Amino acid sequence: MASVELKAVTKSFGPVKVIEGIDLAIEKGEFVAFVGPSGSGKSTLLRMIAGLETVTGGDILIDGKDVTFAEPSDRGIAMVFQSYALYPHMNVYDNIAFNLKLSKFDRAEIDTRVKEAARILRLEELLSRSPAQLSGGQRQRVAIGRAIVRHPKVFLFDEPLSNLDAALRVQMRLEIERLHRELGATMIYVTHDQVEAMTLADRIVALDEGVIQQVGPPLELYAGPSNKFVAGFIGSPK
Ligand code: ADP
Ligand code: MG
């Protein structure tokens, strides 16, 4: 059974079709990158999987269950955004715990999960700091911590590193790689950065104008792009 399955998923905003007939099955534990230029529909597709955007047509299944019309909180997913607004008046611990408190987890369970996330993300020494006392990379780790404590089956990342400088981006990329190995969860990662996609993903989904142009392992797209778009975006220079 696929972890995430999209069947003929379409999306229109008014008369404008931005996602057209997407069929895709993502395996459990797979790391899939959605790549494409700005406006190609990456975020919209991810937001539909998350339940933050309604679908115009088609079905979305998670672990075989049709979640097309399910609430975001009932989908077993957690999303990490590009702009990770932390609560400035709360320390790191409370920022990570926040969603669990809303979901009425008991205090001991919250504590166990926050400490587990802090260990995985190497935030143990920083739990009592406020966001203002953190570096950009540390803040992004706290944002990922908020996703980890929910024990999602599927992590959704929308350009999580694009606000970081180049050196931090490389460091955080390695962190995300390690996170994937350690958790073994399914990860869907939106990026317009070819290097990120090439180094992180088991498979790349190349999107242009809401249509899948090619799906496959990074080297397959790199060495054998199926059309000009893929060649220009990821293919090896010829
Ligand atoms: P990407 O993440 O690849 O940059 P998006 O999914 O954000 O692309 O956008 C895809 C297309 O859908 C763009 O043309 C964008 O303008 C349009 N779009 C996205 N969200 C909305 C919205 N809420 N209302 C109208 N158009 C939207
Ligand atoms: Mg986007």
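The values are calculated or read from the model by the stated rules, or taken from the named source; none is laboratory data. On a predicted model such as this, the values are computed, not experimentally measured, just so you know. Counting neighbours? That spans all protein chains shown, and the Cβs are built from the backbone with ideal geometry, glycine included.
Structure above, values below:
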| read-out | value |
| --- | --- |
| Selection count where residues are loosely packed, with under 12 Cβ neighbours inside 10 Å and of a type in the set (Ser, Thr, Tyr), scope segment 120-135 | 2 |
| Scope segment 155-175; condition more than 16 Å from ligand 2 (Cβ to nearest atom) and surrounded by 22 or more Cβ atoms within 10 Å (Cβ to Cβ); matching residues | Phe155 |
| Pair list, Cβ < 6 Å and 6+ apart or interchain, from segment 46-66 residues that are in contact (Cβ under 8 Å) with a residue 60 or more places away in the chain to residues that are in a strand (DSSP E or B) and within 16 Å of ligand 2 (Cβ to nearest atom) | Leu46/Leu156; Leu46/Asp158; Leu46/Val190; Ala50/Met79; Ala50/Leu156 |
| Pair list, Cβ under 8 Å, 6 or more apart: segment 194-213 residue within 20 Å of Gly184 (Cα to Cα) and of a type in the set (Gly, Ala, Ser), other residue away from ligand 2 (no atom under 16 Å from the Cβ) and assigned to a helix (DSSP H, G or I) | Ala197/Pro218; Ala201/Pro218 |
| Restricting segment 56-79 to residues that are crowded, with 21+ Cβ neighbours inside 10 Å and within 16 Å of ligand 1 (Cβ to nearest atom), the residue that is modelled with the lowest pLDDT | Met79 |
| Matching residues, segment 184-195, being among the β-branched types (Val, Ile, Thr) and either surrounded by fewer than 22 Cβ atoms within 10 Å (Cβ to Cβ) or in a loop (DSSP other than H, G, I, E, B) (or both) | Val195 |
| One residue from Glu53, Glu71, Glu20 being out of contact with any Cys (no Cβ under 6 Å at 6 or more places or on another chain), among the charged types (D, E, K, R) and over 22 Å from Asp208 (Cα atoms) | Glu71 |
| Within segment 35-45, considering residues that are within 19 Å of Met198 (Cα to Cα) and either of a type outside the set (S, T, N, Q) or more than 9 Å from ligand 1 (Cβ to nearest atom) (or both), the one surrounded by the fewest Cβ atoms within 10 Å (Cβ to Cβ) | Pro37 |
| Complete set of residues in segment 37-63 that are within 9 Å of ligand 2 (Cβ to nearest atom) and part of a loop (DSSP other than H, G, I, E, B) | Ser38, Gly39, Ser40, Gly41 |
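Per-residue answers, yes or no, for (1) closer than 21 Å to Leu126 by Cβ; (2) within 16 Å of ligand 1 (Cβ to nearest atom); (3) in a strand (DSSP E or B):
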| position | (1), (2), (3) |
| --- | --- |
| Val142 | yes, no, no |
| Arg146 | yes, no, no |
| Arg150 | yes, no, no |
| Ser162 | no, yes, no |
| Leu168 | yes, no, no |
| Met172 | yes, no, no |
| Glu182 | yes, no, no |
| Ala197 | no, yes, no |
| Val205 | no, yes, yes |
